[in-house]
Amino acid sequence: MLFNPVHPGVTIDLPEPDIRSGNPNRADDPHPYYQHKVDTFVRYAKRGAVLDYGCGQGHYSRSLAARGWDVAGLDISGERLNEAAQEAEALDLSAQCQFVEMKLSDRNLPFDDGQFDAVFASELIEHVPDPSGWIAEIKRALRQDGTLYLTTPNTVSYRHIAKNLLWYLRRGHTKRARVMESWHRHAPGKEGHIVAYEFETLYRFANLNGFELVATNFAEKHDWWRRFTALVPPIKPPGTGLVMVLRHANPELLYR
C-alpha cells in the first residue's frame, strides 16, 4: 500500500512481494522483493534515460534496459562494471546500457545538466557522508519533473530497533564505537552505513533540495520476519526497507 501525499485520501495499492524464492542479491533473478523495486520505479517514472547510481554488477541496469530504458550505470568499482558490461553484452543489451566509473572522492557526476529522465539509487544513500550535496548533484543531472527513486534501510522498523537493542545489551556503546573506528583502517571505502534514515529524515534532505514526494512505502525482504509479525495482528510494523519516489519540482531550491 502506497500513501499518496498529493491526494491524501487516496491510497495506491501495490502487490506486496511474496518473498520465498530467488537470489536476493540479483535484480535479474526472479526474487520478488527486488523485482518489486523495479516494478515500483517503472510505475512512476517516465520511460527514457535513467541513471542507475551505484549499479554494481548491473543487475538493475539490465532489468531496466530490458523494459525499454536507456541506462547509464555508475559505480566506483571498475571490476564490477566490467562484469556488468559483459553480462549486458551476453543478453544483447549493450546498446541500451553504458557503464561509467567514478572515483569514491568525486563529488560531481560525470554527466550533463538535465541529462536523465530518472535516477534509480537503491541502497546507496546510507553510505554517503554528505547526503544533501549528493541529492543536489543528482538534481543537477536530472531534468525538471524527473523522477528520483530511493531505497534505504528503515531505521525505525521493529527489526532494526530489536537488532540495535540486542547489540547494545551485548556490547554497549563503547565497544560499538571501537568497531566503527576500525572500519576505515581495515576496509577503506567500505565504512558501512554512515547515515541512518527513517521517513522524515530522508524526505527532509530531499525536500530541502527541491524534490516533492510522489509516493512512499515499506518493503520487507526477510520472509521469517514477515511470518513472525503476521502472528501478532493487527500490528503491521514498517518493513526494514524504506522506498521513496520523488519528483524534481523546484530547480531553484538547493541546500548544500
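Return the residues of the stretch 75-96 that are of a type in the set (A, V, I, L, M, F, W, C), assigned to a loop (DSSP other than H, G, I, E, B) and farther than 11 Å from Cys55 by Cβ; say none if nothing qualifies. The answer is Leu91, Leu93, Ala95. For the stretch 90-121, filtering for residues that are of a type in the set (A, V, I, L, M) and closer than 16 Å to Ala206 by Cβ leaves 3. Could you please find all residues in the stretch 219-248 being surrounded by fewer than 15 Cβ atoms within 10 Å (Cβ to Cβ), modelled with pLDDT of 70 or more and part of a loop (DSSP other than H, G, I, E, B)? Scanning the stretch 219-248 gives a single hit, Leu231.
Hey, any hits in the stretch 68-81 for a residue that's under 23 Å from Thr40 (Cβ atoms), loosely packed, with under 15 Cβ neighbours inside 10 Å and in contact (Cβ under 8 Å) with a residue 12 or more places away in the chain?
Yes, the stretch 68-81 contains at least one residue that is under 23 Å from Thr40 (Cβ atoms), loosely packed, with under 15 Cβ neighbours inside 10 Å and in contact (Cβ under 8 Å) with a residue 12 or more places away in the chain.
Selection of the stretch 122-148 for residues being more than 16 Å from Asn207 (Cβ to Cβ) and either of a type in the set (Phe, Trp, Tyr) or in a helix (DSSP H, G or I) (or both) yields Glu126, His127, Glu137, Arg140, Ala141. Scan the stretch 43-56 and tell me whether some residue there is crowded, with 16+ Cβ neighbours inside 10 Å and either part of a helix (DSSP H, G or I) or among the charged types (D, E, K, R) (or both). Taking every residue of the stretch 43-56 in turn, at least one turns out to be crowded, with 16+ Cβ neighbours inside 10 Å and either part of a helix (DSSP H, G or I) or among the charged types (D, E, K, R) (or both).
Is the stretch 95-105 home to any residue that is among the hydroxyl-bearing types (Ser, Thr, Tyr) and in contact (Cβ under 8 Å) with a residue 12 or more places away in the chain? Walk me through how you get there before you give the answer.
In the first step, residues of the stretch 95-105 are kept if they are among the hydroxyl-bearing types (Ser, Thr, Tyr); the result is 105.
Remaining after also requiring in contact (Cβ under 8 Å) with a residue 12 or more places away in the chain: none.
Scanning the stretch 95-105, I find no residue that is among the hydroxyl-bearing types (Ser, Thr, Tyr) and in contact (Cβ under 8 Å) with a residue 12 or more places away in the chain, so the answer is no.
Restricting the stretch 112-140 to residues that are acidic (Asp, Glu) and farther than 15 Å from Ala49 by Cβ, the residue that is surrounded by the fewest Cβ atoms within 10 Å (Cβ to Cβ) is Asp130.
The values are calculated or read from the model by the stated rules, or taken from the named source; none is laboratory data. What you see is a predicted model, and the numbers here were worked out from it, not measured in a lab. Heads up, the Cβs are rebuilt from the backbone with ideal geometry, glycines too, and the neighbour counts pull from every protein chain shown.
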